[in-house]
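Asker: Let me give you the structure first, and then I'll get to my questions.
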Amino acid sequence: MSQMTFSDIEYSGRKKTTKREKFLDAMDSIIPWEEWAEYIKPHYPDGKRGRPTRGILTMLRMYLLQIWFNLSDEGVEDAIYDSYAFRKFMRINFIDEQVPDATTLLKFRHMMEQSSIGEQLFRAINYVIEQSGYMMRGGTIVDATIISAPSSTKNEEKARDPEMHQVKKGNEWRFGMKTHIGVDAGSGLVHSMTVTPANKHDITETSKLIRDDDEVVYGDSGYLGIEKREEIKSDEHLSSIEYRINRRPWKLPKVSENAIDWERYIENRKSSVRCVEKTTAFIAFFDYFY
């Protein structure tokens, strides 16, 4: 944003800057934006046909916000309108332009996935952070989350995206994809990620999220029985790892009021480690700076 707006002037008087804004400011300064834009350019539509395109940098910034904060296509669009930190990172001035809509982001995300650019950029960010000494080694937290997508068939193909699927989570049906992530247990930084249809079980992607030097893996009850899977038992390294998976609460034995409930204490300690991951991708990065 080259011109100060009333919102910028108002927010400049704040006494506190949030961790989210500090994180986004740091990423804004670290990432070689122009270099990445040139790398994406050959794969990006020229805008001569179909809907007019938005700038590569605008779409790339929106795409990264979606990944970092685990948001759906519609969710990140709404979040940019709601959050000053997001709007500042996007460098959007509402006087001159609006936020790209969810459909535009969906098409950009598909382009990044089909060309494998997203995976390469993800590795590039991790490399810079790891070389700076902010990512530790030895332990991984695994988890999965559903990224919702439009289920409408009101498009040119008159069909839903074949790479997505619906799944029931709790009492709610969701349609979209599932992101499986491996998080460094020490820093909270995401170091590996895979994407599948939403109906694929969390446990099936676990072996792809573990690093070569990991000695312990944490996960919720959805990963119970991971050590019995064939891809784990047949691998010398994966079979030697200690899997600290949370048990289901109703499976824990009851104890008297005067006894120490060691079982629940151990489960609480496992959960406390996994809370690092629940702060969402990369936010714990700032514990090292501030």
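Asker: Can you tell which of Gly225, Gly182 is surrounded by 16 or more Cβ atoms within 10 Å (Cβ to Cβ) and either under 18 Å from the mean Cα position of the chain (by Cα) or modelled with pLDDT of 90 or more (or both)?
Answerer: Details: Gly225 fails: surrounded by 16 or more Cβ atoms within 10 Å (Cβ to Cβ).
Being surrounded by 16 or more Cβ atoms within 10 Å (Cβ to Cβ) and either under 18 Å from the mean Cα position of the chain (by Cα) or modelled with pLDDT of 90 or more (or both) holds for just one of Gly225, Gly182, which is Gly182.
Asker: Take segment 88-119 and flag every residue that is part of a helix (DSSP H, G or I) and either over 19 Å from the mean Cα position of the chain (by Cα) or not assigned by TED's automatic domain parsing to the domain that holds Tyr39 (or both). Before you say what the answer is, go through the steps one by one.
Answerer: So the first thing to find is which residues in segment 88-119 are part of a helix (DSSP H, G or I), and the list is 88-90, 102-114, 117-119.
Residues satisfying the conditions are Lys88, Thr103, Thr104.
Asker: Just to check your reading of the model, which residue among Thr145, Thr140 is touching a Ser or Thr at 6+ places or on another chain (Cβ under 9 Å), at pLDDT 80 or above and within 18 Å of Arg109 (Cβ to Cβ)?
Answerer: Thr145
Asker: If a residue must be within 28 Å of the chain's Cα centre (by Cα) and at pLDDT below 65, how many such residues does segment 9-50 contain?
Answerer: Here the count works out to 1.
The values are calculated or read from the model by the stated rules, or taken from the named source; none is laboratory data. The model shown is predicted, which means the values in this text are computed figures rather than measured ones. Cβ coordinates were reconstructed from backbone atoms using ideal geometry, including for glycine residues, and neighbour counts include every protein chain displayed.
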